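The values are calculated or read from the model by the stated rules, or taken from the named source; none is laboratory data. None of the values given here were measured: they were computed from a predicted structure. Don't worry about glycine lacking a Cβ; one is built from the backbone with ideal geometry, like all the others, and counts go over all protein chains shown. For accessibility, only protein heavy atoms count, side chains too; no ligands or nucleic acids. Shrake-Rupley method; radii C 1.70, N 1.55, O 1.52, S 1.80 Å.
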Amino acid sequence: MNASLPEFTAPENGELSADMLAAFDEAGVVVLRDFVSVEACHALRQRMLELVDDFDPAEVRSAFSTKTDEHQADDYFVSSGDKIRFFFESGAFDEEGNLVQSKVDSLNKAGHAMHDIDAVFDRFSRTPELAGAAKSIGFEEPAIIQSMYIFKPPRIGGEVLCHQDSTYIYTEPESCVGFWFALEDATVENGCMHFIPGAHKEPLRKRNYRDADGRIVNEIVDATPFDLDQALPAAAPAGTLVIFDGRAPHYSAPNTSDRSRHAYTLHAIDQACDYPASNWLQRSESLPLRGFES
Ligand code: FE2
């Protein structure tokens, strides 16, 4: 009864206290309120709105109108590891191929290298506080492997099924950690994330990789279903940082409300770990991986 995910006011220097670390180890997730200012969230949102303005949907509309052509869709996605690309919600277009809502309210996400390509995103992603947080949770040589801007638009923001991020960002040994920032208030109504506390101690369920032909496969490595009855909402006012283990199962419900739920996510891996060449996300050598130091 009244169970909730571990939640704290963000530490001043970003470094998690012993209490916070214990809670993170126990639950696989920790919610840190006011990690960044509402002004910083607003500025990042404004910058994304500029990028969206500059984005011509014609260049990707074909990818979506040929949704059954998986190779094309995959190419646009699979080669986005070192670019800034935009992905629509599946409910974004009507039968004639026109957007049902405004451009920004049609997008599912942008990814996957804003943090290395765009100066505003770079500055948001690399602060002493974030570096401190990463160090305190045990990273020796963190690398920000990807960034995602999640739009979760009103009315058509799609459901994200329960998954573990280490499925997609796999290293040996596993080292993926997610840093999720609420840029707008995330509530149960507009589709906040939910986590199953403690379930990061369970096995990884799936491995996602490219096979020898370059096709993406989702291999089930453990068929145990997630215990969704145990999931708890991570309601998060703007400025909140949610840090979660790459094994922590999480999901979000559709956004059927009239309010968007913008969020920004960074995923870090430890450079000391092996990053398989079969992972979907690959970066060109011209864009070397960097950590949280500016
Ligand atoms: Fe995820």
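Here r is the Cβ-Cβ distance between VAL78 and ALA18 and R0 is 35 Å; the resulting FRET efficiency, rounded to 0.05, is 0.25.
Each label point was placed 7 Å from the Cα along the Cα-to-Cβ direction; for ARG123 and ALA3 their separation is 4.3 nm. Dimensions of the chain based on its C-alpha atoms, expressed as ranges along the principal axes with the largest first, amount to 55, 44, 41 Å. Annotation: VAL188 carries an accessible surface of approximately 80 Å², with a 1.4 Å probe and no ligand, DNA or RNA atoms counted. Modelled this way, with points 7 Å down the Cα-to-C-beta line, the labels at GLN282 and LEU161 are 2.7 nm from one another. Taking the Cα centre of the range 194-277 as origin and assigning +1 to Lys and Arg Cβ atoms and -1 to Asp and Glu Cβ atoms, the resulting dipole is close to 220 debye.
Normalised per residue, the accessible area of the range 1-50 is 57 Å², obtained with a 1.4 Å probe and no contribution from ligands, DNA or RNA. Pop out the carbon and sulfur fraction of the accessible area of the chain as a percent, whole number, probe 1.4 Å. That share works out to 49 percent. For the chain, the mean residue ellipticity at 222 nm estimated from helices alone is -6000 deg cm²/dmol, where every DSSP H run of n ≥ 4 contributes -39500 (n - 2.57) and the total is divided by all residues, rounded to the nearest 500. A Cβ-based charge dipole, computed about the Cα centre of the range 89-178 with Lys and Arg at +1 and Asp and Glu at -1, lands at about 320 debye. When the Cα positions of ALA186, PRO153, GLN271 are compared along the charge dipole of the chain, PRO153 comes out farthest toward the positive end, with charges on each C-beta of Lys, Arg, Asp and Glu. Its relative contact order, with pairs defined as Cα atoms under 8 Å and 6+ residues apart, puts the chain at 28 percent. For a straight C-alpha distance cut-off of 22 angstrom, the lysines reachable from LYS152 (same-chain residues fewer than eight places away being disregarded) are LYS67, LYS83, LYS103, LYS109.
Compute the signed sum of charges (Lys and Arg +1, Asp and Glu -1) over the other residues within less than 10 Å, Cβ to Cβ, of SER278. Neighbourhood net charge equals +1.
Dipole check for the chain: with +1 at the C-beta of Lys and Arg, -1 at the C-beta of Asp and Glu, and the Cα centre as origin, the magnitude is about 200 Debye.
Per-residue Karplus couplings for the range 143-151, computed as 6.51 cos²θ - 1.76 cosθ + 1.60 with θ equal to phi - 60°, are listed in order as 10, 7, 7, 7, 10, 9, 9, 9, 8 Hz, Gly and Pro entered as x. Gap in Å between the Cα centre of the range 153-188 and the Cα centre of the range 109-129? So the two Cα centres are separated by 17 Å. Of all lysines in the structure, those lying under 24 Å Cα to Cα from LYS135, and not within fewer than 8 positions of it along the same chain, are LYS201.
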